[in-house]
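**Student:** Dropping the structure in here first, questions after.
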Amino acid sequence: MPVSAAASAREILVRLHDVMGSRARAPEKLGAVVNIIGEALDSEVCSIYLLRDGVLELFATRGLNQSAVHVTKLALGQGLVGTIAKNVETLNLDEAAAHPDFAFRPETGEELFHSFAGVPIIRREQAVGVLAVQHVDPRRYEDIEIEALQTVAMVLSELIANADLIDEAQGGPTQPQPTAAVSLTGLKLVEGMARGYAVYHQPRITIEHTVAEDIEAERHRVYAAFDKMREQIDRMASQAEFGVGGEHDDVIETYKMFAYDEGWSRRINEAIDSGLTAEAAIERVQQRTRMRMRQIDDPLLADRMHDLEDLSNRLLRIVSGQMGTAAQMGLRQDTILIARNLGPAELLEYDRRRLKGVVLEEGSLTAHVTIVARAMGVPVLGRVRDVRRRIAEGDLLLIDTGASTVFVRPTAAIEEAFETKLALRQKRRAAFAALKNEAPETRDGHRVTVMVNAGLRDDIAALDLTGADGIGLFRTEFQFLVSATLPQRERQQRLYRDVLDAAGERPVVFRTVDIGGDKALPYLNGDEHDEENPAMGWRALRLALERDGLMKAQARALIDAAAGRHLNVMFPMVSEAWEFDEAKALFEAQRAWVESRNRKLPLDIRYGAMLEVPALAEQLDLLLPKIDFLSIGTNDLTQFLFAADRANPKLAERYDWLSPSILRFIRRVVGPAREAGVPIAVCGEMGGRPLEAMALIGLGVERLSITPAAVGPIKAMIRSLDRGALMERMAGLLAAPPRDIRGTLARWAAEADVELA
Ligand code: PEP
Ligand code: MG
């Protein structure tokens, strides 16, 4: 082929454009297509194979025997054509018969031809057919010819899909069918079962037109889109609006690298030169990258690929004018939301009535988005692989976190089994609800205090629904997270008063704002966004003591809201005893101020500290005499104890709460606190899991503050427990820990008839 790839592809596309627009039937169109391509590439043979009933069937040819059309069929992986489709890869051979996968088909008359080149026709990232050219002379096709073929294959996929010629269902063990039922497994992040239709948080674009009418116009569209995308990425980097937590700095850096990568924009431009629309050009380049990456087995590169996919999709959305997340567009039906990862504020933007479940490609148990979803009662399955390839927008999904599975396009039988299980689960939940008025008292007569964690106005209802003893952790920063601007003192005060009204006699522990880490606020601009390691950075009390205007306003709001009542205030991330002193002094100064105005004061203010930074454990002798209560935040404590980022999905399953390090650490804190007569609670996610909660009680913890949905199961566990026997067992286990404490404890519980939901 003489001219440039772009020119030859363009020439073909112009002619294809006419064919596609014509009123001919699909088989005739395909016949015209093979002639156009054969002529343009000066190839004796040009053939199109399409996947039908899981087999690649010769649909149109120029140069092979016409009698072979609809007769020659190859399974995926069979012959050169089958290999191309199975591996979604291009083959370019000067001697076809020399390839180990070559399968001779006498009916085609192909023995005359030596050279062979074939490219997959791709739809939804899978091959739905193959476009092949053959030559009499043994010669390899040039790169520019292959590129032209790949571009044409892209247009063909549009033609074929519109004509309904393919299965849209690939068979074979390694290529699951996108229209058939599949199940994907993941990690249970928030317990539950949910039914709904797939909605991508960042919607994917379906490309409607592949052939450009006006190349210059397309080029301008891409330039403008690149500008806009770079602007967005720069803004993200400076504002940390990208609240996904953990590795987000890395991700933004990679985004930046790709966004400014000249090679990427140049390749897209070349694809436009060849006659594609801006959308098709972006997708075409992405396809080529995907193909290349498939051949490289490197997890690090795979991660980068993920980033490029995200960015490519972003560029597509900009260019097609379909911006905004699914939340901004509104949910129309029961929805299972799909995202790579989410920030807590992003999740809160969704309509709670329609949002039934979440599937994340990443995610970890103690990331704040998980905690928020748990508070919202929305089941979440995390760490699900291959989501984009297997789930299409609008697919029916069933999440069953108990089975760590999401069923995609379920069969009637799967749906039925799901419904049966759901009914059973509802029955169990009803049994837990019936425990509402029963005290969480062990069989040997020990009363455990079971409180709930809360943070949103809607959570208040959980108190009555669960019969909990109070709110052991009210995360005040949630109000800040859901607001577009900093909530003013009056708004804070209103929320706190409503919470106290609803709680009545039951205690509420207000934790002062814990901002920073994965709870970044876009409207709080400052140096904090440049931090390399925000979880260990300028957050929570550290930030609050320095920006004391924020904490003063909050102190005033709390003191006024609790006028005439008891007020419990807890400080997060206390790392040294003096930080507690400063925070308390700040509150006391506000109390004095309110008093000086002759305003009504709280009956009393009790001050507590969270123990979530391990260093504080070495200052218990200094701290305990100062505080009224202590609460262990196992979410942060675990990440600091193990030096394992709580939001990093790669570490999500690495360490167990039931490890000797954590259990011994907690025991070591509980002892002195009890001796000093300071009430001690656990308010991290650990306490909401029956086996872990049992272990905590075995260590002497008498107060738990947990997610509302866990109250029933935890009460049931407590009521079936012999605490004395458990404490003895725990002491033995910690003296000489077995490799698998979890398994050992579970067996002990089963033998002792402890109810573990
Ligand atoms: C914790 O760290 O365990 C905790 C309860 O606080 P948060 O999850 O809000 O950081
Ligand atoms: Mg914490």
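All of the numbers you see were taken from the coordinates with simple rules; none came from a lab. Given the structure is predicted, the values throughout are model-derived calculations rather than measurements. Neighbour counts are summed over all protein chains in view; Cβ atoms, including those assigned to glycine, are modelled from backbone coordinates with ideal geometry.
**Student:** Go ahead and run the numbers for FRET between residue 422 and residue 659, Cβ-Cβ distance against an R0 of 35 Å, rounding to 0.05.
**Tutor:** For R0 = 35 Å, the calculated efficiency reads 0.55.
**Student:** Pulled fully out, how much extra length does the chain show between residue 142 and residue 213, if you take 0.36 nm times their separation in residues and subtract their Cα-Cα distance?
**Tutor:** Details: separation 71, 0.36 × 71 = 25.56 nm, distance 2.74 nm.
The residue 142-residue 213 span can extend by a further 22.8 nm.
**Student:** Take 146, 12 and order them by how many other Cβ atoms sit within 10 Å, fewest up front. Numbers along the way, then the final one.
**Tutor:** Working: 146 19, 12 24.
Least crowded to most crowded, the residues run 146, 12.
**Student:** How much length is gained on full extension from residue 461 to residue 505, taking 0.36 nm per residue of separation minus their Cα-Cα distance?
**Tutor:** The residue 461-residue 505 span can extend by a further 14.4 nm.
**Student:** So, by mean Cβ neighbours within 10 angstrom, what's the order for 470-480, 500-510, 110-120, 485-495 with the highest one leading?
**Tutor:** Result, highest mean first: 470-480, 110-120, 500-510, 485-495.
**Student:** Now for a different question. For a test of the definition: using alpha carbon positions, the gyration tensor, and the 1.5 limit on a/c, classify the stretch 425-471 as rounded, prolate or oblate.
**Tutor:** oblate
**Student:** Return a whole-number percent for the relative contact order of the chain, with Cα pairs under 8 Å and 6 or more residues apart as the contact set.
**Tutor:** Averaging sequence separation for qualifying contacts and normalising by length gives 11 percent for the chain.
**Student:** Next question, about the same structure. Output needed: percent of Cα pairs per 10 Å distance bin for the chain, bins running from 0 to the one holding the longest distance.
**Tutor:** Per 10 Å bin, starting at 0, the Cα pair percentages come out as 3, 13, 20, 20, 16, 11, 9, 6, 2, 0, 0.
**Student:** Based on other C-beta atoms within 10 Å, arrange 706, 207 from fewest to most.
**Tutor:** Ordered by Cβ neighbours within 10 Å, fewest first: 207, 706.
**Student:** On to the next question. Under a crude label model (7 Å from the Cα following the beta-carbon direction), how far is residue 604 from residue 396 in nanometres?
**Tutor:** 5.9
**Student:** Another question, if that's okay. Which ³J(HN,Hα) values in Hz, rounded to whole numbers, follow from the phi angles of the stretch 44-61 under the Karplus curve 6.51 cos²θ - 1.76 cosθ + 1.60, where θ = phi - 60° and Gly and Pro get x?
**Tutor:** 3J(HN,Hα) across the stretch 44-61, in whole Hz: 5, 10, 9, 9, 10, 10, 10, 7, 9, 6, x, 10, 7, 10, 5, 9, 7, 8.
**Student:** Which trypsin sites (Lys or Arg not before Pro) from the stretch 579-613 combine a DSSP loop assignment with at most 15 other Cβ atoms within 10 Å?
**Tutor:** In loop regions of the stretch 579-613 (DSSP not H, G, I, E or B), the sparsely surrounded trypsin sites (Lys or Arg not before Pro) are 597, 599, 600.
**Student:** Once Lys and Arg get +1 and Asp and Glu get -1 on their Cβ, which of 749, 233, 341 lies farthest toward the positive end of the dipole of the chain?
**Tutor:** 749
**Student:** With charges set only on the Cβ (+1 for Lys and Arg, -1 for Asp and Glu), what does the dipole of the chain come to about its Cα centre, in debye to the nearest 20?
**Tutor:** Approximately 2880 debye in magnitude.
**Student:** Moving on. Quick one: what are the phi-derived ³J(HN,Hα) couplings along the stretch 416-427, Karplus 6.51/-1.76/1.60 with θ = phi - 60°, whole Hz, x for glycine and proline?
**Tutor:** The phi angles translate into 5, 4, 5, 4, 4, 5, 4, 4, 4, 5, 5, 5 Hz.
**Student:** Given a cut-off of under 8 Å on Cα pairs at least six residues apart, what relative contact order in percent is computed for the stretch 3-170? Display every interim value, and only then the final one.
**Tutor:** Working: 333 pairs, mean separation 38.6, N = 168.
Relative contact order for the stretch 3-170 comes out at 23 percent.
**Student:** Grab the Cα-Cα distance for residue 755 and residue 18, subtract it from 0.36 nm times how many residues apart they are, and report the gain in nm with one decimal.
**Tutor:** 258.3 nm
**Student:** Among 182, 82, 26, flag the residue with its Cα farthest along the positive direction of the charge dipole of the chain, charges on Cβ as +1 for Lys/Arg and -1 for Asp/Glu.
**Tutor:** Toward the positive end, the furthest listed residue is 182.
**Student:** Now, a different point. How high is the FRET efficiency from residue 596 to residue 651, r the C-beta distance, R0 41 Å, rounded to 0.05? Display every interim value, and only then the final one.
**Tutor:** Numbers: r = 50 Å, r/R0 = 1.22.
Rounded to the nearest 0.05, the efficiency is 0.25.
**Student:** Give me 183, 312, 631, 661 sorted ascending by neighbouring Cβ count inside 10 Å, so fewest comes first.
**Tutor:** Listed from fewest to most nearby Cβ atoms, that is 661, 183, 312, 631.
**Student:** Say R0 is 41 Å: what FRET efficiency, to the nearest 0.05, do residue 411 and residue 70 get from their beta-carbon distance?
**Tutor:** 0.85
**Student:** In nm, give the distance between the simple-model label positions of residue 260 and residue 628, each being 7 Å from the Cα along the Cα-to-Cβ direction.
**Tutor:** 5.3
**Student:** Another question about this same structure. Restricting to bridges with both residues inside the stretch 441-751, how much of the DSSP beta-bridge set is antiparallel, in percent to the nearest 5? Could you put the intermediate results ahead of the total?
**Tutor:** On the way: 2 of 30 bridges.
Just about 5 percent of them are antiparallel.
**Student:** Right, something else. Please determine, in degrees from 0 to 90 and to the nearest 10, the orientation of helix 26-40 with respect to the longest principal axis defined by the Cα atoms of the chain, where the helix direction is its Cα long axis.
**Tutor:** Approximately 70 degrees, to the nearest ten.
**Student:** Here is a further query. I'd like to know which of 330, 278, 41 lies farthest towards the positive end of the charge dipole of the chain, counting +1 on Cβ of Lys and Arg and -1 on Cβ of Asp and Glu.
**Tutor:** Final value for the positive-end residue is 330.
**Student:** For the pair residue 183 and residue 97, how long in nm is the line joining their label points, each one 7 Å along Cα→Cβ?
**Tutor:** So the two model labels end up 4.9 nm from each other.
**Student:** Which order do the peptides 88-94, 679-685 take when ranked by the mean count of other beta-carbon atoms within 10 Å per residue, highest first? Walk me through the intermediate numbers first.
**Tutor:** On the way: 88-94: 17.7, 679-685: 24.9.
Result, highest mean first: 679-685, 88-94.
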